[in-house]
1. Collect the residues in the range 158-208 that are more than 25 Å from LEU118 (Cβ to Cβ), out of contact with any strand residue (DSSP E or B) (no Cβ under 8 Å at 6 or more places or on another chain) and of a type in the set (Asp, Glu), keeping them in residue-number order.
2. Here are ALA245, ALA233, ALA277: which of them is farther than 20 Å from ASP313 by Cα, at pLDDT 95 or above and either surrounded by fewer than 23 Cβ atoms within 10 Å (Cβ to Cβ) or small (Gly, Ala, Ser) (or both)?
3. Look at ASN300 and say whether it is surrounded by 24 or more Cβ atoms within 10 Å (Cβ to Cβ) and within 17 Å of PHE244 (Cα to Cα).
4. Restricting to the range 387-401, name every residue that is part of a helix (DSSP H, G or I) and open to solvent by 60 Å² or more (accessible area, probe 1.4 Å).
5. Since TYR361 meets every condition but one in (1) open to solvent by less than 40 Å² (accessible area, probe 1.4 Å); (2) over 16 Å from the mean Cα position of the chain (by Cα); (3) hydroxyl-bearing (Ser, Thr, Tyr), which condition does it not meet?
6. Could you check the range 277-300 and list, in sequence order, the residues that are of a type in the set (Gly, Ala, Ser) and more than 20 Å from the chain's Cα centre (by Cα)?
7. Just need a number here: residues in the range 115-151 that are open to solvent by less than 10 Å² (accessible area, probe 1.4 Å), closer than 16 Å to LEU476 by Cβ and in contact with a strand residue (DSSP E or B) (Cβ under 9 Å, 6 or more places away or on another chain).
8. Can you list the strands (runs of 3 or more DSSP E) lying wholly within the range 264-349 that have 3 or more residues being hydrophobic (A, V, I, L, M, F, W, C)?
Amino acid sequence: MLNLLKCYKPSFPLCSSTSICASKALIFTQTHKIFTKNLQKSTTRTYCGVSGNGERKGESSKLKELWLYNTMSKRKELFKPKVEGQVGMYVCGVTAYDFSHIGHARVYVSVDVLFRYLRVLGYEVNYVRNFTDVDDKIISRANQLGEDPIGLSKRFCEEFHQDMEDLHCLPPSVEPRVSDHISHIIDMIKQILDNGCAYKTDADVYFAVDKFPHYGRLSGRKIGDNRAGERVAIDTRKKNPADFALWKSAKEGEPFWESPWGPGRPGWHIECSAMSAAYLGYSFDIHGGGMDLIFPHHENEIAQNCAACDKSDISYWIHNGFVTIDSEKMSKSLGNFFTIRQVIDLYHPLALRHFLIGTHYRSPINYSDLQLESASERIFYIYQTLHDCEDFVSQNNVTSMGNIPPQTIDCINNFEDILFTAMSDDLHTPDVLAALSDPLKTANDLLHTKQGKKALLRRESLGALEKTMRNALTILGLMPTGYTEALQQLKEKALKRAKLTKEEVLSKIAERNTSRKNKEYEKSDAIRKELAAAGIALMDSPEGTKWRPAIPSGLQEQLAATT
């Protein structure tokens, strides 16, 4: 057993049998290796052969600098890990009793971007993300469905894994579950009691917030301002209304474990404190989660950690903003949520990811069909451009990227400057997405304009541009397994939203072609408008008419009215 009582600090990194199932672990591990190999190259500017290895003077050291907003200090700070080259990061996972909603998606996509970028910068990251599989909400849901609470939670843990895989979130290094760490939790509660920071009432144990003078420093709250807390009923046995449960006595029909205080189960807050200490020690680099966890959950974690070990020290507290609907936080408790499954039934998972990182992670983001349609149209354009680049390069046998025209080098270097500057400044992903416009336009000019088709070293330019953008998409987690497959999937989702089949669209195109041939232009325009209203855009060329997904014309008018 890991000895929490002596301010346990594990060796780094730590492997665990509580990680995800072996088959997925193998797939994800391979993804990790490919990801790291490709992205660490990107930080040394190997694409264009500019100035030797592509670095400009002083660039290497700047790329190592990362500034993160720390909720504790309320300002951006230069990231400095406790151990050079290594990062310990803990993120609060889901309480697994239902399908995850897009508020959850935002948390773990935001953390995934940080995880990826830390690895790009060369850090070895020990990323721990827990599952809460013992909780009041799980017990309540299990009783409603007539299921075993642990079995119910296990099922939704697997569903969560599928959601994360669909969203291209890399797996954490380890995924501990509460039910596997009861002994660690009990040991930590013993230490808090021994240190005089908790008290027993019958078979329950409560943390005494009055014993921790720094309580409230993360959230900025004063003890007198605090409510009794979340996930617990008001208990008159508490010495202070803000005191919170470390151990709850067993109730009929609930799972329980034996403890020095009698049979029962842990409180919510102690679970994360014990599991983060078990895998990262009491002193590590980053603790993350949604803003809703600042109080009471993370505030209580700090109090527990410090009460158990006076050397407890977490350097950076990172929190993402809410997903809102009509300016109200999306949550299961409010009933105003969309599950990840509901959204990706109609939109490509990477369109959802693009939407989520299209706003800075600390800002609120308002969910709407218009935003999802815009993200879907954008990634179709990105993947189509990169598909055309890849197709052209493969057909023209470009084997070397040695000689690149100066204007292409400038385009790539300017984009990379924005990429690394934005990502190193508290992960400003919207700036990176916006900056893609320039290399995308350059590539499309080379592919489709008369002047571009005559450009010198056209193939080499397209190859370098595609590689640059591919690496950027990988950093952002937006790189599909293949452009052709992603484009086809985006079309299928668009047809589903339009309630049309491919055959029906082709039939409409044929009908329109006949109308144009017969000079029935009013009818042909009506067909175009009909399809545009359903989110299907027609593109005419000498080779014929093709279609692509687009923002439905009604939503385009709405977008134009708001900009």
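The values are calculated or read from the model by the stated rules, or taken from the named source; none is laboratory data. These numbers were taken from a predicted model, which means no experiment stands behind them. Glycine gets a Cβ as well: all are built from the backbone with ideal geometry, and neighbour counts include every protein chain shown. Side chains included, ligands, DNA and RNA excluded: accessible areas come from the protein's heavy atoms. Shrake-Rupley method; radii C 1.70, N 1.55, O 1.52, S 1.80 Å.
1. Listed by number, the residues that qualify are GLU158, GLU159, ASP180, ASP187, ASP194.
2. Sole residue among the options that is farther than 20 Å from ASP313 by Cα, at pLDDT 95 or above and either surrounded by fewer than 23 Cβ atoms within 10 Å (Cβ to Cβ) or small (Gly, Ala, Ser) (or both): ALA245.
3. Yes: the conditions hold for ASN300.
4. Within the range 387-401, GLU390, ASP391, SER394, GLN395 qualify.
5. (2)
6. Taking the range 277-300 as the starting set, the residues that turn out to be of a type in the set (Gly, Ala, Ser) are 277-278, 281, 283, 288-290.
Across the range 277-300, the qualifying residues are ALA277, ALA278, GLY281, SER283.
7. Number of matching residues: 2.
8. Answer list for the range 264-349: 313-320.
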